[in-house]
Every structure is written in structure tokens, then in C-alpha cells.
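What follows is a set of notes on a single structure, which appears directly below.
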Amino acid sequence: MAPAPARVLHLSASSFLEVPQDWLTMRLNTTREASDATTVQNELKVAMETALRVAREAEQGDALRVRTGQFSLSPRYGNQGRIQGWRGSAELILEGRDVERIARTAGRIQTLTLAQSSFSLSRQAQQRLESEVQSQAIERFRARATEMTRAFGYQDYELREVNVSSSDEGAVPMRAPMMAMEMRAAASDAPVPVQAGMSSVSITVSGSIQMR
């Protein structure tokens, strides 16, 4: 068996950065109940068409994107296992960078109520953040490797293996029954109150070097 390599040092370095979130997602929905499925479906259709007309007037690229979400229709059973009625729900999603435009549009939609609101990083911002933090972590690893090599009395080192791991944290989506009620009580064009949080990315570079 070959002897274990000498002068091998294991070390790691991390970098962390926190930035404001720039992407707002609002989920609005409604539910309907009736004795027959056709009535429920038609009522949901009317509610969604009305909401979509309002939302599409404000739609503008990445500033505000509009898309439909989940649509469900299911029977309600009685004690004897027979169908006693039908229940359905429909969802509309508003998302984008323009927080004011999204909040104002959500406040104008009267046929749906706000179910959930959350901030996050856009894909572009996430990629920029990860790239910046990764560069910082790698630079810190190299600086630490140089420092430790000289501390042990050697002049240079050779990289043997390296591993890069990352973790990111953002705001937890907030369900908003109280906000939905406030929307109903407010004026039809009143924006929904929202406040962006922060997202963070942490990257750790670990590995081993051979001092020489």
C-alpha cells in the first residue's frame, strides 16, 4: 500500500451576504359552494374572469406578471356517503418587481381575497448574489490556505480537493386572512400593505491542500 501523503492540511472558509428581496408574489383565491357542480364552476369562472380583467390592465413584463393558479372542484359528502353538494376554488397569482403596482392591483380585485403574500429574490438577483458570495468564499479559502502554509513553515501549496456548499434563507410566506378582510373594508383601489424582507446566501468552500 502507498504511504499516506504528508503535509496535507484540511481547511474551510465561508462567506455570507444579505440583500433586500426584490420579488413579490401574491396569491388571491376564492371558494364557491352549491348543490350542483355546474353552478360552482360557472361562479368561479365569473369571479376569475373579472379578476383577470383588472389584473391584465396592470400587467407589464417583470414589473407585474399575471397567471392563474390552482383550480379545484370536488363533491361534499353527507353522513350516508351521498353527494350533498359541490365545492370549488380558484387561484390567481400576481408577481413581479414593482411592489406598488402589484399591491395596488391586488387591492382593486374585489372578486378574490388575498390568501398569501411573500417576498423573495428574483432569479437574476439570486444568481448575482450567489456569484458574488462564491467569489468571496473562494478568495477567503485561498488566503487562508496561503496563511496556514506559511504558518507551518512552507512556501507554497497545491490544491488536492475542494467542495463548495451553499445555503440560502428568505422570508417565510405569510398567509393573510386579516389582510384579506382589510382589503374588503378598504376602498376598491387601496393598495394592500406589504413590506419586503431580506434574503441571505452563505457559501462554504472546504477542501485539502498539500504544503510544499
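The values are calculated or read from the model by the stated rules, or taken from the named source; none is laboratory data. Remember, it's a predicted structure, so these values are computed and weren't measured experimentally. So basically every Cβ, Gly included, is an ideal-geometry build from the backbone, and we count neighbours across all protein chains shown. For the accessible areas, the whole protein counts, side chains as well, though only heavy atoms, and no ligand, DNA or RNA atoms are used. Shrake-Rupley method; radii C 1.70, N 1.55, O 1.52, S 1.80 Å.
Averaging the sequence gap over all C-alpha pairs within less than 8 Å and six or more residues apart, then dividing by the number of residues, gives the chain a relative contact order of 34 percent. Packing, as the average of other Cβ atoms within 10 Å across residues, places the peptides 70-77, 16-23 in the order 16-23, 70-77, highest first.
Per residue, the chain exposes 60 Å² of solvent-accessible protein surface, assessed with a 1.4 angstrom probe and all protein chains in place. For segment 49-105, the Cβ-based charge dipole about the Cα centre amounts to some 340 debye (Lys, Arg positive; Asp, Glu negative; other atoms uncharged). Put one equal scatterer on each alpha carbon of segment 1-101, apply the Debye formula with no solvent term, and list log10 I(q)/I(0) at q = 0.12 1/Å to two decimals. For the requested q values the scattering log ratios are -0.60. Is there a quick way to get the dipole size of the chain? I mean about its Cα centre, with the Cβ of Lys and Arg at +1 and of Asp and Glu at -1; what is the value in debye to the nearest 20? That gives the chain a dipole magnitude of about 380 debye. Could you tell me what percent of the accessible area of the chain is made up of carbon and sulfur, with a 1.4 Å probe and every protein chain present? The C+S portion of the solvent-accessible surface of the chain is 47 percent. Of GLU43, GLU95, GLU59, the residue with the greatest mean-square motion in the GNM of the chain, using alpha carbon springs below 10 Å, is GLU43. Amide H contacts under 5 Å for GLN116: ARG27, ALA176, restricted to partners 5 or more places along the chain or on a different chain, H placed in the peptide plane at 1.01 Å from N. Based on Cα contacts under 8 Å between residues 6+ apart, segment 1-116 shows a relative contact order of 38 percent.
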